[in-house]
Structures are given as C-alpha cells and as structure tokens.
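Here the structure comes first, spelled out in structure tokens, and everything after it is commentary.
The values are calculated or read from the model by the stated rules, or taken from the named source; none is laboratory data. Note that the coordinates shown come from a computational prediction; the quantities given were computed from them, not determined experimentally. Cβ placement follows ideal geometry from the backbone for every residue including glycine, while neighbour counts extend to all protein chains displayed.
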Amino acid sequence: MSYRLPVREVVAETADACSLVLAVPPELTETFAYRPGQYLTVLVPRDDGRVARCYSLSSSPHTDKDLKITIKRVRDGQASNWICDHVRAGDTIELLAPAGDFTPESLDDDLLLLAGGSGITPAMAIIKSVLAGGRGRLTLIYANRDPSSIIFAAELAGLTRRHGDRLTVTHWLDSERGAPGPATLAGLITGTGRWAYVCGPDPFVVIARDALRRAGVPQDRVRVERFALDEVPAGEAKVVAAPAGETAPAGDATVHQAATGEATLDVELDGQTHRLPWPAGKRMLDVVIEAGLNPPFSCRQGHCGACACRLLSGKVEMVNNEILEEEDFAEGYVLACQSVARSDHVAVTYY
C-alpha cells in the first residue's frame, strides 16, 4: 500500500544531492515508524507510468521529528534527477512504508562504517541514533571525489566536535589521494572486532569488503547495502526457466491488461492474478510495485531472499543472487528484485 506525504523542506546538500524533509500526519505515525538504516520506496511519476526507487532515511528516529531521505543525481537517472529538478516544499510524494534490514542490532555496539558517496545516508542515520540513544563507539571512513561532494560535511564535523570521544571520522578524497584501493583502505581500519556496515555504489562495496577482509574483520560481521543504478548492468547473470510441467495461472482472477511492453507478466498475489506490461530491462519487483501492488521485499540487492517468488511459466535472468541455491532454481524460485524478462511472457506466484 502506498501513501502520500507532504514535503516540508528541500535541503541542498551538495551540487548534485538534496534531502527531502517529509512530515508524517498523526494517523500515519505508526506506519512510518522506522529503524536507523532503513529506506523508503518512492514512486516517481513518468509519462508512461511510475518508477519505484529506494532512498535511505538520513534522519534518526532518536533525534528527528520528521523523516528525511537524501537523493543524489545519477547520470540518466529516471527518478533521482526528476526528484532533484521538480520536487519543492509544499509538494507531496507517493511512497511505501519504511523497509530494509541494514540496521544495527544494538545501539550499544561499537560499529565500523564505510561509506562511499551517497552511501553516507543510512550511515548518518545510524551514527545519530547510536550517539543519541546508545553507548556505542563509532568509526566512519567516508570516500568522495573532492571536498565539494561530501554530503553532510558540516553535520559530521559538528557531531565529531560534540562526540569526539565516541565518533571518529576519516575522509578519503580522490582529489587528494586518488581512488581508494583495498590495501589503502585496509590500512585505515581499526577495531576489527566490531560489526562493519558498508554502503555505496557497487565498485566501492567491492573494494570495501576486500579491505575489511585484509584487515581481519570476519565476513559474518559485515553488513552491506548497495546503491544500484537505474540500468541493468552487463555481465554474467543467472538465467532461470520455469520447471517443466508448470503452467500459468488461469481462471476468473482479476486481470490488468497490458497495453504495450516487450513482455507480459502475470503475478499471482493476495488471491488475485494481475497481468502487467514488463518493459525491457526493468526488474520484476519494480514492475509489480509500480502497478500499485504490495509484494514482499526488503534489501532489493539480491542477498536477503524476502522477494523470492516461483516461476510458473517463462524465463527470467537474475542480475545478482547471494541467497538462492541450485535446488531453489530447479524448483523455479527467483528473486523479483533481480529478475528481468527473457521471454515474451512470464508468470509467477508468491504462494
């Protein structure tokens, strides 16, 4: 189910990033209760429908009355650029309730945070929450191109001044040191017994995880949140076809007929079957959300399994998968957040 929230303020964070401060009406207070590190899914209008994009909350439930999401422009981005160019104070935006599991188990834990670019967004929520509501000690390593691209620069400096005994911030600037590598980042990592939280675009995440491994941080103590681009990346991916003998759902279920699109998707969800257009290259989960349905999902990165559904017919290609095994594929299970169509018609069920 989607909701509309008023935009109280638009804050220019850098030349290519802004924050939307969102007011929550009293009747939606419980719906929009959130944990530090979670995100909101925003439904952005387009001429041919809507696109769904996730933006992490940079506000803290322990320090901020209003919600705040932070958006950075992406080259050719369908949603981020529209938000930065068009949304103003007084507007309303359509979104889903908070979700995501990139959250600390305890605000009393000591944490190591590695952020690249706009990956600082959930890290900022975690930092403010730990400092205000817990006893944990925090180390942040934050990578950016140059000083002008540092999001929350002044806020981080203020937090460091006030909580210097619990918060250490190290900035890595490409303009001064060149692009970071695993060995150089590993040299900055201390407190290797802490839980580590990594957030940023895929290239940074790969480097940061390697750096943590080199520094001796156990991989089972590393949590990752990737910021994906709008386009499906090229490269190796897993192609999954429906198991032999499966058939698409039929009968008198409610059907939303596709007008155009390079593929057709039948989704069996909440007791109904919905027929949806599936544009080339779009992820299945986005197609379902943008149609106004409410499928299960969480991380949107292919490593939690919350969005798993079962193919009844057709073929899809999964861009990334860190949770399903070969036996799952053999039974037709796929991750909706990572699946793009590879046949003219695809049918899935969430049962």
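In table form, for the structure just shown:
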quantity: Residue in region 7-17 that is among the hydrophobic types (A, V, I, L, M, F, W, C), under 18 Å from the mean Cα position of the chain (by Cα), not assigned by TED's automatic domain parsing to the domain that holds residue 295 and not in a loop (DSSP other than H, G, I, E, B) present; calculated: yes
quantity: Unique residue being touching a residue at least 24 places away in the same chain (Cβ under 8 Å), surrounded by 14 or more Cβ atoms within 10 Å (Cβ to Cβ) and either not aliphatic (A, V, I, L, M) or not in a loop (DSSP other than H, G, I, E, B) (or both) when the list is 24, 44; calculated: 44
quantity: Extreme residue, surrounded by the most Cβ atoms within 10 Å (Cβ to Cβ), among residues of region 292-350 that are part of a loop (DSSP other than H, G, I, E, B) and of a type in the set (Phe, Trp, Tyr); calculated: 297
quantity: Residue ID - surrounded by the fewest Cβ atoms within 10 Å (Cβ to Cβ), chosen from residues in region 219-228 that are in contact (Cβ under 8 Å) with a residue 12 or more places away in the chain and of a type outside the set (Phe, Trp, Tyr); calculated: 221
quantity: From 132, 52, 89, 143, residue being among the hydrophobic types (A, V, I, L, M, F, W, C) and under 14 Å from the mean Cα position of the chain (by Cα); calculated: 52
quantity: Matching residues, region 47-69, being farther than 15 Å from residue 290 by Cβ and outside any strand (DSSP E or B); calculated: 58, 59, 60, 61, 62, 63, 64, 65, 66
quantity: Tally, over region 178-211, of residues that are out of contact with any strand residue (DSSP E or B) (no Cβ under 7 Å at 6 or more places or on another chain), of a type in the set (Gly, Ala, Ser), assigned to a loop (DSSP other than H, G, I, E, B) and closer than 20 Å to residue 221 by Cβ; calculated: 2
quantity: Test for residue 87: is it outside the structural domain of residue 131 (by TED's automatic domain parsing), on the phi < 0 side of the Ramachandran plot and either surrounded by 23 or more Cβ atoms within 10 Å (Cβ to Cβ) or modelled with pLDDT of 95 or more (or both); calculated: yes
quantity: Residues (outside any loop (DSSP other than H, G, I, E, B) and free of Cβ contacts under 8 Å to residues at least 40 places away in the same chain) located in region 280-291; calculated: 287
quantity: Residue among 280, 330, 291, 341 that is modelled with pLDDT under 85 and more than 20 Å from residue 102 (Cβ to Cβ); calculated: 280
quantity: Given (1) modelled with pLDDT of 95 or more; (2) closer than 23 Å to residue 106 by Cβ; (3) among the hydroxyl-bearing types (Ser, Thr, Tyr), index of the condition residue 192 fails; calculated: (1)
